[in-house]
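Q: A single structure is presented below for examination.
The values are calculated or read from the model by the stated rules, or taken from the named source; none is laboratory data. Because the structure is a prediction, the values reported are computed rather than measured. Note that each Cβ is placed from the backbone with ideal geometry, even for glycine, and that neighbours are counted across all protein chains shown. Ligands, DNA and RNA are stripped out before the accessible areas are found, and what is left, the full protein with its side chains, is counted by its heavy atoms. Shrake-Rupley method; radii C 1.70, N 1.55, O 1.52, S 1.80 Å.
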Amino acid sequence: MATFRLQGSKVLAVSMSGDAVKAKNGSMVAYDGQMAFKKMSGGGEGLRGMVTRRLTGEQMEVMEVRGQGTCWFADRASEINLVSLHGDKLWVEASNLLCTDAGLRTGTTFTGMRGGATGNGLFTTTVEGTGQAAIMSDGPAVVLRVTPQYPLQVDPGAYIAHQGNLQQHFQSGVTFRTLMGEGGGEAFQIRFEGDGLVYVQPSERNTVGGDV
């Protein structure tokens, strides 16, 4: 299995010895040793995955990198966070997914009626299995714990990813800004209940469905 490590907070180094990773297309910045690069359609899921992503709007152009040596990845100076999966599942916005072990399965799941990030619609990319994934954030990500006693309300523009046994509920008509009298139009919050982790970024992306 490939070895993931961070060099600083904005560059991911992946050491490989004949194994492979899947990475965001165009995110390779350097490599040593012998590497082969192959573009994959629909996140590496073949025709079914490509059609699913076209219907859902989850845009995730992926390349497979295989070889012997080390490959470095980065994307627009984004902060990078490593997530270890042990047979569980990670839900992540496609634009925030940088790299995964090749053995991890990627898919698309319907997440409900919400005001999602522009281009991401009502669907979220899933990563499942055992291995490591690297996710990106605009600024240092914060990992927030959700427990049955303490549910969490999240601005969809700041949401990156979540994992664990969590249920999502999308609430319309109120956001953090409208609470402060600064919002306009219909907008949303995401409420997480259950037991798990939610990753948020300190910078909000543009959303549809109102100012959030």
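Q: Exactly one of these conditions fails for PRO148: (1) at pLDDT 95 or above; (2) open to solvent by less than 60 Å² (accessible area, probe 1.4 Å). Give me its number.
A: (2)
Q: Residues in segment 86-103 that are over 13 Å from the mean Cα position of the chain (by Cα) and under 22 Å from GLN7 (Cβ atoms): how many?
A: 2
Q: Quick one: is ARG48 at pLDDT 95 or above, among the charged types (D, E, K, R) and not in a loop (DSSP other than H, G, I, E, B)?
A: no
Q: Out of segment 6-43, which residues are open to solvent by 40 Å² or more (accessible area, probe 1.4 Å), of a type outside the set (Gly, Ala, Ser), in contact (Cβ under 8 Å) with a residue 40 or more places away in the chain and over 15 Å from ASN96 (Cα atoms)?
A: Scanning segment 6-43 gives LEU6, GLN7, MET28, VAL29, TYR31.
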